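Note sheet for the following structure.
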Amino acid sequence: MVSHQENRPIDLAFKYAVDFTHNEDVNACRLSGEELTLVGRTLAGDEVPLDKWGLAFAHEVIADCPTNNDQESFRWVADMADLGAGKVRGKALTTLGSLVGMRLKLTQGTLKTGGFRAVDVGLVRWSFDGGKTSAALAEEVTWEYRFAEANVEEVVLKSSAAHSLVLRPYDGTVEVWILNMPLGQVLRFEPAKPFDANHHFAEFFRLADGNPNPVIPIPDTTRFCGPPLAASNPKCPPALFAPLGT
């Protein structure tokens, strides 16, 4: 739920189809050229920052397809080192511009897989070797954090370049999506093409200092995974992570 106190204007409002019978109102803000800092805020106006250390990862061991026991494991997020990409360029975490449009530092809480690309027959498996082998990949990443202070009433995303984004919880929870996608895909004006090769990977490789010739994964059209946790939008790029370079 978006607060109206010292809040930036809403750039985009639309209805999201949760299912065939229920639409949910969505209010969105464009984020560009800014670094965000997340803090809690009490009713008295005191800020409750995250600690500098303590970020955790769901780390259940995985195979080729997710199960109910490991579907949230962060291991479904591909390690760029396995693709020869190397480490993240140092400037990707220090500068904003054509390489990085928005940055949000997370120093506490838990990162986990939030969803996979879904088709009618199951979850898409991705191949980096022309189809010889394939496996599911995370398409959404979820970050969860609970403020220990019981009197936190708002979550504030403080911007380095614009008004703060102030969020008030609904039933004790604040839920936010941050997307890096063309607007037409966010609004689902463009038809879903879940079997297209994923050229978003070329953008991931721009952030790295390794292989200048990125491997573009292709969907395996002959094998699929079962449906534990589906992503909401079939155009989301599979997620990647890599350690920080120099």
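Please treat every number below as a calculation from the coordinates, not as lab data. From a predicted model like this one, the values you see are computed outputs, not experimental measurements. For neighbour counting, all protein chains shown are included, and Cβ atoms are generated from backbone atoms with ideal geometry for every residue, glycine included.
If you take all other residues with their beta carbon under 10 Å from the beta carbon of L36, and give Lys and Arg +1 and Asp and Glu -1, the sum is +1. Karplus-derived 3J(HN,Hα) values for region 153-158, using 6.51 cos²θ - 1.76 cosθ + 1.60 with θ = phi - 60°, are 10, 9, 10, 10, 9, 7 Hz; glycine and proline are entered as x. Measuring how big the chain is from its alpha-carbon positions, Rg and Dmax come out at 18.8, 59 Å.
The label point for F14 and the one for T107, both projected 7 Å from the Cα toward the Cβ, are 3.6 nm apart. When the Cα atoms of region 128-229 are aligned to their principal axes, the ranges along those axes come out at 54, 35, 31 Å in descending order. For region 5-151, the fraction of C-alpha pairs farther apart than 25 angstrom is 50 percent. Report the net charge of residues surrounding G97, where surrounding means a beta-carbon distance below 13 angstrom and charges are Lys +1, Arg +1, Asp -1, Glu -1. For residues surrounding G97, the net value is +2. Applying the Kirkwood pairwise sum to the alpha-carbon positions of region 30-100 produces a hydrodynamic radius of 16.3 angstrom.
Provide the net charge surrounding A85, with neighbours chosen by a C-beta distance below 13 Å and charges set as Lys +1, Arg +1, Asp -1, Glu -1. Value of the local net charge: -1. Relative contact order of the chain, taken over Cα pairs closer than 8 Å and 6 or more residues apart, is 29 percent. Based on DSSP H runs of at least 4 residues, each adding -39500 (n - 2.57), what is the mean residue ellipticity at 222 nm of the chain after dividing by all its residues, to the nearest 500 deg cm²/dmol? It lands at -1000 deg cm²/dmol. Label-to-label distance for R30 and K193 is 2.5 nm, based on points extended 7 Å past Cα in the beta-carbon direction.
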